[in-house]
Amino acid sequence: DVVETHEHYKSRWRSIWIMYLTMFLSSVGFSIVIMSVWPYLQKIDPTADASFLGWIIASYSIGQMVASPLFGLWSNYRPRREPLVISTAISVAANCLYAYVHVPHSHNKYYMLTARALVGFGAGNVAVVRSYIAGATSLTERTSAMANTSACQAVGFILGPVFQTCFTLIGEEGVTWKFLCLQLNMYTTPVLFGALLGVINIILIFAIFREHRVDDMGRQCKSINSDGEGNAVLDQNTEGSVDHVAVVALNILFFVILFVFAVFETIATPLTMDMYSWTRKEAVFYNGIILSVIGIESVIVFMVVKTLSKKTGERAILHAGLLIVLVGFFILLPWGKKLPNIQWQEIKNNSIPRTAPTEMLMPFWSLQEMQLPSNHTAEPVGCPVTQSWCLNTPMIYLAQYISSDVLIGLGYPVCNVMSYTLYSKVLGPKPQGVYMGWLTASGSGARILGPVFVSQIYTHLGPRWAFSLICGVVVASLLLLEIVYKRLIAFSVRYGRMQE
């Protein structure tokens with residue numbers, strides 16, 4: 001056994017902190033535009049509809065799903081600096097491409113789709129980050145380190161919308177640099193800022209990051225990624241097979257967790273625009289504030305979970321987190337009688353939003369035939385009549401929406417960190433790059449299907465169907481957790497090397 005020196009300990013944790021930063025930047029790359037994708041898409045390409053929005057959001061996760069196993073495999077056999085630098089450089093280039101999607105004269109929506117897919121491909125380095133942290137921490141350090149990793153991810157989700165909210169002050173027009181064909185506005189400035197952060201991350205990886213590995217008991221091992229002679233040291237600690245039933249179950253549970261949160265993120269802007277007659281700018285601004293507050297809540301939860309898990313164990317906390325998410329989506333179901341306002345461009349019933357007092361006195365069939373004055377430039381707001389459910393589905397009150405946000409913001413981070421922690425412990429001391437790649441790909445698959453699912457179901461059937469189906473999925477995941485509950489134990493505990 002090699003005793004860890006003080007210098008090794010300091011270098012190991014400096015490298016872990018660089019991984020925290022990489023995780024933070026990966027989540028910023030996703031969240032910094034999530035609230036503005038829909039209005040920006042409408043601006044650059046009027047042919048894009050809400051269904052295509054689902055594919056735009058999902059393209060990030062398609063890229064990440066493809067890249068995660070590849071980067072994970074790469075990190076199992078080569079120095080992790082290589083996949084980390086290459087993946088971050090891809091994200092930087094993709095963010096720059098996103099800033100120029102307004103330039104082409106046609107098919108702009110497909111350029112945006114490509115840019116987001118490449119940003120997601122670069123975010124495949126999450127598998128490398130998780131596998132490194134799993135290998136560079138002892139079993140007693142693992143929950144705390146995974147919680148910190150998820151907290152950094154949550155901070156990225158907080159600051160992404162905050163950055164976007166701040167950049168709304170620039171406005172939709174902003175400043176144009178003709179010699180670069182670049183518009184600096186509320187849609188492009190955030191991604192250029194994200195590209196700058198990516199460059200800083202690459203510099204720090206070269207300057208500070210070093211390969212380190214310790215076993216479950218915290219004893220220093222040689223890293224297979226930097227010294228091939230470390231194989232013999234590692235093989236002594238890897239006797240025994242991984243419980244693949246537990247691995248598959250955790251992949252499924254993680255899929256569900258990411259699926260429901262992706263639905264929640266994707267639907268926020270269209271839902272609030274439909275239900276509360278918010279303009280594009282209002283929806284981006286208010287949802288940015290709401291998600292920022294939820295992000296702060298999530299960071300607090302991560303800090304509490306680190307302490308709470310020592311008393312109750314990870315499995316019980318995961319169970320509680322899923323229950324909270326279930327209650328959050330149940331509250332989001334339409335319960336009242338009041339219908340949402342219908343866009344004034346397409347009045348089909350008696351709900352007449354934001355009209356002048358004199359117009360309010362006119363019968364609605366006269367309003368249908370009324371032409372707007374030539375100088376009228378107001379953005380149409382309300383629930384579009386092309387969504388037929390708008391005519392008979394009760395609106396979701398703002399109090400419901402906020403309450404649901406709070407509960408989902410509480411349950412999601414609990415589920416996220418516990419599933420990652422349990423997964424890394426079940427896998428044990430073996431190199432986890434490929435396994436972490438599959439888990440990340442599972443989450444990415446959820447982020448693909450979640451936006452597509454909700455954009456299709458919400459557009460055609462409405463919120464009642466969409467959120468009822470989500471509740472059913474969460475109930476099924478709770479049943480699965482009950483079935484595999486006793487199998488979700490650490491590798492070293494399973495083979496009697498450590499006490500639970």
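The values are calculated or read from the model by the stated rules, or taken from the named source; none is laboratory data. None of the values given here were measured: they were computed from a predicted structure. Here the Cβ is made from the backbone with ideal geometry for all residues, glycine too, and neighbour counts use every protein chain on show. Heads up: the accessible areas ignore ligands, DNA and RNA and are worked out on the full protein's heavy atoms, side chains in. Shrake-Rupley method; radii C 1.70, N 1.55, O 1.52, S 1.80 Å.
Taking the stated definitions as given, is Leu84 open to solvent by 10 Å² or more (accessible area, probe 1.4 Å), touching a Ser or Thr at 6+ places or on another chain (Cβ under 8 Å), in the same structural domain as Ser150 (by the TED database) and assigned to a helix (DSSP H, G or I)? Reasoning before the result, please.
Working: open to solvent by 10 Å² or more (accessible area, probe 1.4 Å): no; touching a Ser or Thr at 6+ places or on another chain (Cβ under 8 Å): yes; in the same structural domain as Ser150 (by the TED database): yes; assigned to a helix (DSSP H, G or I): yes.
Answer is no for this residue.
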ask   = Considering the range 74-84 alone, what residues qualify as being in contact with a helix residue (DSSP H, G or I) (Cβ under 6 Å, 6 or more places away or on another chain) and free of Cβ contacts under 8 Å to residues at least 60 places away in the same chain?
value = Pro83
request  = Residue by residue through the range 244-297, note down the ones that are open to solvent by less than 10 Å² (accessible area, probe 1.4 Å), more than 18 Å from Gly328 (Cα to Cα) and of a type in the set (Ser, Thr, Tyr).
outcome  = Ser277
query = If you take the residues in the range 32-63 that are assigned to a helix (DSSP H, G or I) and in contact with a Pro (Cβ under 7 Å, 6 or more places away or on another chain), which one is surrounded by the most Cβ atoms within 10 Å (Cβ to Cβ)?
reply = Ala58
ask   = If you check every pair at least six apart or on different chains, which have Cβ atoms under 6 Å apart with a residue in the range 153-179 that is free of Cβ contacts under 8 Å to residues at least 12 places away in the same chain first and a residue that is not aliphatic (A, V, I, L, M) second?
value = Thr176/Gln183
task = Answer yes or no: is there a residue in the range 98-110 that is at pLDDT below 90, touching an Asp or Glu at 6+ places or on another chain (Cβ under 7 Å) and in a helix (DSSP H, G or I).
result = yes
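Yes/no per residue for (1) open to solvent by 10 Å² or more (accessible area, probe 1.4 Å); (2) among the small types (Gly, Ala, Ser); (3) in a loop (DSSP other than H, G, I, E, B):
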| position | (1), (2), (3) |
| --- | --- |
| Tyr423 | no, no, no |
| Trp438 | yes, no, no |
| Gly443 | no, yes, no |
| Ile448 | yes, no, no |
| Val452 | yes, no, no |
| Thr459 | yes, no, no |
| Arg464 | yes, no, no |
| Val473 | yes, no, no |
| Ile483 | yes, no, no |
ask   = Which condition breaks for Cys221 when tested against (1) surrounded by fewer than 19 Cβ atoms within 10 Å (Cβ to Cβ); (2) at pLDDT below 75?
value = (1)
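Regarding the range 380-393, can at least one residue be identified that is farther than 29 Å from Arg464 by Cα and assigned to a helix (DSSP H, G or I)?
Of all residues in the range 380-393, those farther than 29 Å from Arg464 by Cα come to none.
Among the residues of the range 380-393, not one is farther than 29 Å from Arg464 by Cα and assigned to a helix (DSSP H, G or I), which makes the answer no.
Being modelled with pLDDT of 80 or more and touching a helix residue (DSSP H, G or I) at 6+ places or on another chain (Cβ under 9 Å), is that true of even one residue in the range 488-496? Please lay out each step first, then the result.
From the range 488-496, those modelled with pLDDT of 80 or more are 488-489; that's our starting set.
Still in the running and touching a helix residue (DSSP H, G or I) at 6+ places or on another chain (Cβ under 9 Å): 488-489.
For the range 488-496, residues modelled with pLDDT of 80 or more and touching a helix residue (DSSP H, G or I) at 6+ places or on another chain (Cβ under 9 Å): present.
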inquiry  = Take the conditions without any contact (Cβ under 8 Å) to a residue 60 or more places away in the chain and either part of a helix (DSSP H, G or I) or under 20 Å from Glu172 (Cα atoms) (or both) and apply them to Phe71. Does it pass?
reply    = no
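Among the helices (runs of 4 or more DSSP H) lying completely within the range 280-363, list those that include at least 2 residues that are modelled with pLDDT of 80 or more. Can you show your working first?
Values: elements: 280-312, 314-331, 357-360.
In the range 280-363, 280-312, 314-331 are the helices (runs of 4 or more DSSP H) which contain 2 or more residues that are modelled with pLDDT of 80 or more.
Residues that are assigned to a helix (DSSP H, G or I), open to solvent by 30 Å² or more (accessible area, probe 1.4 Å) and modelled with pLDDT of 85 or more: does the range 159-176 have at least one?
Here is the first cut: in the range 159-176, the residues assigned to a helix (DSSP H, G or I) are 159-170.
Remaining after also requiring open to solvent by 30 Å² or more (accessible area, probe 1.4 Å): 159, 162-163, 166-167, 169-170.
Cutting the leftovers down to modelled with pLDDT of 85 or more gives us none.
Scanning the range 159-176 turns up no residue that is assigned to a helix (DSSP H, G or I), open to solvent by 30 Å² or more (accessible area, probe 1.4 Å) and modelled with pLDDT of 85 or more.
Does the range 284-298 contain at least one residue that is charged (D, E, K, R), over 21 Å from Phe467 (Cα atoms), in contact (Cβ under 8 Å) with a residue 40 or more places away in the chain and outside the structural domain of Pro161 (by the TED database)? Quick ask: steps written out before the conclusion?
First, pick out the residues of the range 284-298 that are charged (D, E, K, R): 297.
In the following step, the residues that additionally are over 21 Å from Phe467 (Cα atoms) were identified as 297.
From what is left, the residues that are in contact (Cβ under 8 Å) with a residue 40 or more places away in the chain are 297.
The next check asks that each one be outside the structural domain of Pro161 (by the TED database); those that pass are 297.
Looking through the range 284-298, at least one residue is charged (D, E, K, R), over 21 Å from Phe467 (Cα atoms), in contact (Cβ under 8 Å) with a residue 40 or more places away in the chain and outside the structural domain of Pro161 (by the TED database).
In the range 396-410, how many residues are assigned to a loop (DSSP other than H, G, I, E, B) and open to solvent by less than 20 Å² (accessible area, probe 1.4 Å)?
Looking only at the range 396-410, we keep the residues that are assigned to a loop (DSSP other than H, G, I, E, B), and these are 396-397.
Keeping just the survivors that are open to solvent by less than 20 Å² (accessible area, probe 1.4 Å) gives 396.
Looking only at that region, the number is 1.
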message = Condition first: within 12 Å of Tyr100 (Cα to Cα) and either among the hydroxyl-bearing types (Ser, Thr, Tyr) or over 22 Å from the mean Cα position of the chain (by Cα) (or both). Now tell me which residues in the range 179-218 satisfy that.
response = Leu180, Cys181, Leu182, Gln183, Leu184, Asn185, Tyr187, Thr188, Thr189
Within the range 107-136, tally of residues that are farther than 18 Å from Ala67 by Cβ and surrounded by fewer than 24 Cβ atoms within 10 Å (Cβ to Cβ) = 6
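Quick grid of which residues meet (1) open to solvent by less than 50 Å² (accessible area, probe 1.4 Å); (2) over 22 Å from the mean Cα position of the chain (by Cα); (3) at pLDDT 85 or above; (4) among the β-branched types (Val, Ile, Thr):
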position	(1), (2), (3), (4)
Tyr420	yes, no, no, no
Gly433	yes, no, no, no
Ile470	yes, no, yes, yes
Leu478	yes, no, yes, no
